[in-house]
Amino acid sequence: MKKDQTYWVKIHINGEWKRAEVFPEETLLHVLREKLGHTEVKEGCGKGDCGACAVLLNGEPVNACLTLALQADQQKVVTVRGLGTPDRPHPLQESFVKRGAIQCGFCSAGMIVSAKGLLDKNPKPSREEIKRAISGNLCRCTGYQKIIEAIEEAAYKLRTDPKP
Amino acid sequence: MDTYRPQHLKSALQLLKAGKGRYLMIAGGTNMIPDLRAKAIRPKAFIDISRFKNLSYIKEEKKEIRIGALTTISKLADSNTIQLFALPLSQAAQQLGNPLVRNRATIGGNLADASPAADTAPPLLALEARVVMMREGAKERSVAIDQFFLGPNQTRLRRDEMIKEIIFSKVSPHAKTAYFKLGLRNSMAISIISIALLLEMEGTFCKKARIGLGAVAPFPMRAYRTEEMLTEEEVTERLLEACGQTVREEIDPISDIRASKEYRTEMVSVLLKRLIRQIAFQQPV
Amino acid sequence: MNDKEELRIIGKPIPRHDAWEKALGLTPYAADFSLPNMLYAKVLRSRHPSANILSIDTRKADRLKGVRAVLTAKDVPRNESVTRFGQTHTVGGGFEGLYRVLADKKVHYMGEADALVAEETEAIAEKAIELIQVEYEPLPGVYDPLEAMKPDAPPVQEGRSNIITHYEVVRGDVNRGFAEAEVIVENTYRVPFVDHAYLEPESGVAWVDENGVITIRVSTQVIEHFRGIADILNLPHNRVRVIGTYVGGGFGGKEDITVEAFLALLTFKTGRPVKLTYTREESILSHSKRHPYVMEYKTGAKRDGRLVALQARLVSDAGAYVYLSPWVLLYSMVDATGPYRIPHVRVDGYTVLTHNTFTSANRGFGAPQVCFAYESQMDELARRLRMDPAEIRKINYLNKGESLATGQVLHHTVALQETTERTVKAFGEKRPSSGTLKMGRGIASGMTSYGRMVFLHDTSRSHVSIEMDGSVIIRAGVQDIGGGQASSLCQIVAEVLGVPLEDIRIYIADTALTPFAGTTTATRQLYMSGNATLMAAQEIKKTLLRKASEMLHLELENLDLVDREVVEKGGEKRLPLKEVIRACASDGLPLYHVALFKAPFRNLAQFERIEGEVFPDFTYGTHGAEVAVDEETGKVQVLKIISCFDVGRAINRLSVEGQMEGGGIYGMGYALTEEVLLKEGITMTPSFSEYLLPTSMDVPSLETILIESGDGVGPFGAKGIGEPSVCSVAPAIANAVFDAIGVRIYDLPLTPEKILKALREKRNG
């Protein structure tokens, strides 16, 4: 069988440059999960219908399953792990935990990323704006209520007490 | 399969020509990647044009708006210019897909993919936009958008041609517009039907009407006969009933998993009347 | 167990122990795990719902470079077994059915697995699947259970009737009852196939460990399938180990064997680790669905609203294999009347094989289906009698001490009067209709069991140990599917041993290392494992306090464990916990306990006519829905859902609210947008583009009202809420739609087209 063409990409992920050898048709999702160790980015449907794979690409929330790895070459990607650590969690992560916005947790990584994208652009979102911002992220467990409340709380915390 | 990442537009066009239809241009990829996954397309190579910044613009000129083909749907949705001068397009952009998809999908891709339910098409039809196309070794050409679509996923684009920009006249301050997308849920919904309406009114007298419809025919369409019925007429309930009937006759919907053709037909009629009322009589939708 | 003392941790809204890892992206779900030298598996699935397999030619696939295994039915040591689904002993009742690993001579539903491959890469695995050539001979199929019941229908499984089971429930004499009735409402209700649609597709990794044990790390609700897997491989049970991961949503869809059998076979054959993850399309195509039902209901009442008779015929579509169909039907039979006092009842239930995707457990397990029927009936009765929907229900609600039509006495609080009153009150000011947008309100009540059927000898075990420094380890076989199953156990131990939550670690779901806790199904974990864990913690507490009483010279009854200390109740004396532990250790006292909680057992004499006690207890609640219906488009927008439940005792307030809110939306999807459409056995809704879940922009405001009667059989008087939170949502919405536009839809989902059609018929008729 003819060997398929591959290319090397360099992607800036959560603050560091990482390299991977990728196929032309390979998605960013696949490369993040299978080649770069970023299993926090989830595959829920593989075709942009669920948002579980949401990452920030140059600051904008996108479906990693709808982005070719090659399209992320030289670009900046942030996943949920890049937002906070156990020692210094992001206020969004903290609010999600404290407000019970996480049940099975499978949607959480993508959900938090979409929320981060929102708050970076709009630090004082209305409830409607929050609902709209996460309307590409499906959740089967929570009914979204506590997720919306957690985002509201995190927005408030960031406005009143922003950490560097 | 292989990929090309040309640095310049000229190289991209040369590659497109050389590919003879086997090389497919990819920008946002929000339709193309699922198609690839479903094996609905099997290109020999991609030509990745996603990073051509010079094709992403919203330019306001004296009388016209020009939108670069690679302008993302989010940019359209967030643009004050579009909201001011092409409100139905702004509204459609806000409801296309979902926010994650909107950050990648482009107006050029939406039109070139040419789904009968393409969300940006009905507003562009009502705005009487022109699609400017380019290819290697020939001058740019443009075609009116109501001539652009030929069938489901079929357009006038030659296989070595790509969309450069979309141009339309700014909506006059005398014109009123409306837009409605009917879907089975409030986000991530493929249109059951969509309507974009532009009316130039003098009180309740309609001087000009443009109606763009989506998901009710093999391609997005204008409802010419219904437009004519409204032109130079006083808008009355009786006229509305007649319009509601005529538009049913103009469309050619199918039944699919989302809706039956009977329902689509009924909805175009009902919602068109509603939108006209909204504009003519200042009624809330 | 009705502890009125002030509780320190139970009942508080505490973040769950697993939530942090999930928020930080650190939890390794099944597909996130890999081993060196690992192969990738793929499944070849049939393209026909009903067909003979004339031949399977794997030669081209075998020759592919990078191929390690290509398996068909002949390669499975025991491909077929008559499985006692969900049981550890045989209890009769027709609960057995055929479990077949790979299709052999026939395919019985579209998506049935025909072959397996394991390859070096996913891409090669996909290619190998494409290269396997199967020759099918399509056969006539039967896709409607009503058709499949007929004597001349093609048999779905060879040598047996399509009717798997028939049950009846009889009380009094319905003919007499209807003769006495002053109003009779008769309707047929239909509910569709739906998908669990967990965000995490089925996934697992299997390998052979250094002891030759087939180890399967998998997203599952039931680790105890290890026995069935061992049987498939003709291995002794101790040669298969299942490790359950934190599950990205189960809802009953990961209750049966999914990827485990395939993984075990492939790792057994190749000797290498193997990973299998379903695509979403594969998941929708091939895993179990909720049972569609056709329900004929006839309800009779007196003019004052008192119910006198109910007759119902339930037919459920079991799909191509038996799985849990007889059980689901049994639940429906017990719940079929609803929580109402009815002197004359006759219910006949049938579950029938067809060539559709097999159906099995889905949140509610037969209760949501009949609830849609009986609560629509109650609403229609109310309209006919010009009675308030809440009033007619309150007249008929059963009370504690009364019995269901099956004769089961309700020994515990039935809080329905209160749940309904509070739901109605929570509606507030009625919003006016305007133009074509009509407002409506509806209520519906439900009773849903928690805990398994009482003849199943259900048990759970929990191992709690306290370390020398006072930190605590819990080991329990519990599977955590997102409902806080593991976390609740930590809370219980924290409460009893007086240690903060951060001092507790829990290990779950490992058949080799954690005591069996039974399945995470039937809303049973809090009841069963909660009680087992409570017992284990209490034993340790006793040991510690006995030693402390010696050390402090105080009576045992005057001591308690609070904040890492032994304290004198209402007094000054205290001892650090560590000191007491050390003293116990010196004396060789055990600082751990494995407790076994046995659910009270009742035998069911026979399974034709359902009589007697079937469930330990029920959770009762009421849903209220407020909708706006667009009369011209038929679209329904739900504006508000009120959920009011007696949860017994809320162990973790946030978790309970979360279940009620999530259940509300799970039920709303069932009511309005979800249907796995099968046409002649072919799935027409293959992905999340066609199978529509509610998005954040579809959800209404959700109000949850908790009542805590303390009268549940779980720890601290808790009841279960996971499934009860779903059952009455759809009828509440359907009743609200009726209130808005005066038409009733008798089948779910309530699509805009159905609503328009009904409105048109009303106008014309």
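Residue by residue, what Karplus-based ³J(HN,Hα) values in Hz, rounded to whole numbers, does region C:438-451 have, using 6.51, -1.76 and 1.60 with θ = phi - 60° and x for Gly and Pro?
Per residue, the Karplus-derived 3J(HN,Hα) values read 9, 8, x, 10, x, 10, 7, 10, x, 10, 9, 6, 10, x Hz.
Note down the net charge around residue B:142, summing +1 for each Lys or Arg and -1 for each Asp or Glu among other residues with Cβ under 15 Å from its Cβ.
So the surrounding residues net to +2.
Ranking request for peptides C:325-337, C:22-34: highest mean number of other beta-carbon atoms within 10 Å first, then the rest in descending order.
So the peptides C:325-337, C:22-34, ranked by packing, come out C:325-337, C:22-34.
What is region B:18-122's relative contact order, in percent, from Cα pairs under 8 angstrom and six or more apart in sequence?
Computed value for region B:18-122: 25 percent relative contact order.
Around residue C:85, with a cut-off of 9 angstrom between Cβ atoms, what is the net charge of the other residues, counting Lys and Arg +1 and Asp and Glu -1?
Spelling it out: positives minus negatives among the neighbours equals -1.
Evaluate region C:362-426: find the radius of gyration of its Cα atoms, find its Kirkwood radius, and give the ratio Rg to Rh.
0.99
Restricting attention to region B:189-285, which chymotrypsin sites (Phe, Trp or Tyr not before Pro) occupy a DSSP loop and are surrounded by at most 12 other Cβ atoms within 10 Å?
Of the chymotrypsin sites (Phe, Trp or Tyr not before Pro), the ones in loops of region B:189-285 whose Cβ has at most 12 other Cβ atoms within 10 Å are B:281.
For helix B:237-250, report the angle its Cα long axis makes with the longest principal axis of the Cα atoms of chain B; keep it between 0 and 90° and round to the nearest 10°.
Roughly 30 degrees between the two axes.
At residue C:7 and residue C:399, where each label point lies 7 Å from the Cα along Cα→Cβ, what is the point-to-point distance in nanometres?
Result for the modelled spin labels: 2.8 nm.
Quick one: compute the contact order of region A:7-82, relative version, from alpha carbon pairs under 8 angstrom and 6+ residues apart, as a percent. If you can, show how the numbers build up before the last one.
Details: 158 pairs, mean separation 29.7, N = 76.
Relative contact order, region A:7-82: 39 percent.
At q = 0.19, 0.24, 0.26, 0.28 Å⁻¹, work out log10 I(q)/I(0) for region A:71-146 with the Debye formula, treating every Cα as an identical point scatterer and leaving solvent out; two decimals please.
At q = 0.19, 0.24, 0.26, 0.28 Å⁻¹ the computed log10 ratios are -0.85, -1.28, -1.42, -1.52.
In whole Å, what are the Cα extents of the protein assembly as shown along the three principal axes, biggest one first?
98, 74, 72
Inside 10 Å of the C-beta atoms of C:191-202, what's the mean count of C-beta atoms belonging to other chains?
Mean partner-chain Cβ count within 10 Å for C:191-202: 4.
Which value in Å is the Kirkwood Rh of region B:56-169 over different Cα pairs?
Roughly 13.9 Å, rounded to one decimal.
Roughly how crowded by other chains is peptide A:35-46, in terms of the mean Cβ count from those chains within 10 Å of each of its Cβ atoms? It would help to have the intermediate numbers written out before the result.
Numbers: counts 0, 0, 2, 2, 9, 8, 2, 8, 8, 9, 12, 9.
Neighbouring Cβ atoms belonging to other protein chains average 6 per residue here.
Please get the size of the charge dipole for chain B, origin at its Cα centre, with Cβ charges of +1 on Lys and Arg and -1 on Asp and Glu, quoted in debye to the nearest 20.
Approximately 1280 debye in magnitude.
Beyond 21 Å between alpha-carbons counts as too far, so tell me which of A:35/C:60; A:42/A:116; A:42/A:121; A:42/B:53; C:547/C:569 fall in that bin.
Beyond 21 Å: A:35/C:60; A:42/A:121; A:42/B:53.
Straight-line reach from residue B:207: which lysines fall under 18 Å, measuring Cα to Cα and dropping same-chain residues less than 8 apart?
Cα-Cα hits under 18 Å: B:170, B:176, B:273.
Counting helices only, and only those DSSP H runs with n ≥ 4, report the 222 nm mean residue ellipticity of the protein assembly as shown as the sum of -39,500 (n - 2.57) divided by its residues, in deg cm²/dmol to the nearest 500. Present the calculation step by step, with values, prior to reporting the outcome.
On the way: 36 runs with 359 residues, N = 1214.
About -8500 deg cm²/dmol.
Largest first, please: the extent of the C-alpha atoms of region A:7-82 along each principal axis, to the nearest Å.
28, 25, 19
Once both labels are modelled 7 Å past Cα along the beta-carbon direction, what's the residue C:183-residue C:81 spacing in nm?
5.4
Given an 8 Å cut-off on Cα distances and at least 6 residues of separation, report the relative contact order of region C:374-417 as a percent.
So the answer I get is 27 percent.
Roughly how far apart, in whole Å, are the Cα centres of region C:452-516 and region B:1-68?
55
Name the GluC sites (Glu not before Pro) in region C:147-232 that are in a loop by DSSP and that have at most 10 other C-beta atoms within 10 Å, would you?
C:158, C:210
Taking 0.36 nm per residue of sequence separation and subtracting the Cα-Cα distance, how much length would be gained by fully extending the chain between residue C:98 and residue C:457, in nm to one decimal?
Answer, rounded to one decimal: 127.0 nm.
Taking R0 as 22 Å, what's the FRET efficiency between residue C:139 and residue C:679 from their Cβ-Cβ distance, rounded to 0.05? Let's see the in-between values first.
On the way: r = 17 Å, r/R0 = 0.77.
FRET efficiency, residue C:139 to residue C:679: 0.85.
Just from the alpha-carbon atoms, what are the Rg and Dmax of chain B in angstroms?
Cα only, chain B: 18.9, 60 Å (Rg, Dmax).
Among C:683, C:125, C:262, flag the residue with its Cα farthest along the positive direction of the charge dipole of chain C, charges on Cβ as +1 for Lys/Arg and -1 for Asp/Glu.
C:683
What whole number of Å gives the distance from the Cα centroid of region C:178-199 to the Cα centroid of region C:539-594?
57
So which trypsin sites (Lys or Arg not before Pro) in region A:1-49 end up in coil per DSSP with only 16 or fewer other C-beta atoms within 10 Å?
Answer by residue number: A:2, A:3, A:35.
Diagonalise the Cα gyration tensor of chain C and give the resulting equivalent ellipsoid semi-axes, square root of 5 times each eigenvalue, largest first, whole Å.
Over the Cα atoms of chain C, the ellipsoid semi-axes are 40, 38, 23 Å.
State log₁₀ I(q)/I(0) for region C:484-554 at q = 0.13 Å⁻¹ as given by the Debye formula over alpha-carbon point scatterers of equal weight, solvent excluded.
Rounded to two decimals, the profile gives -0.44.
Just for chain C, what percent of DSSP beta bridges are antiparallel, to the closest 5?
Values: 106 of 138 bridges.
Counting DSSP beta bridges with both partners in chain C, the antiparallel share is about 75 percent.
Per residue Cα convex hull volume for region C:410-480, in cubic angstrom?
264
How crowded by other chains is A:144-150, given as the mean number of beta carbons from other chains within 10 Å of each beta carbon?
Working: counts 10, 15, 6, 2, 2, 0, 1.
Taking all residues of A:144-150 together, the mean is 5.
All of the numbers you see were taken from the coordinates with simple rules; none came from a lab. None of the values given here were measured: they were computed from a predicted structure. Positions of Cβ are backbone-derived with ideal geometry, glycine not excepted, and every protein chain shown enters the neighbour counts.
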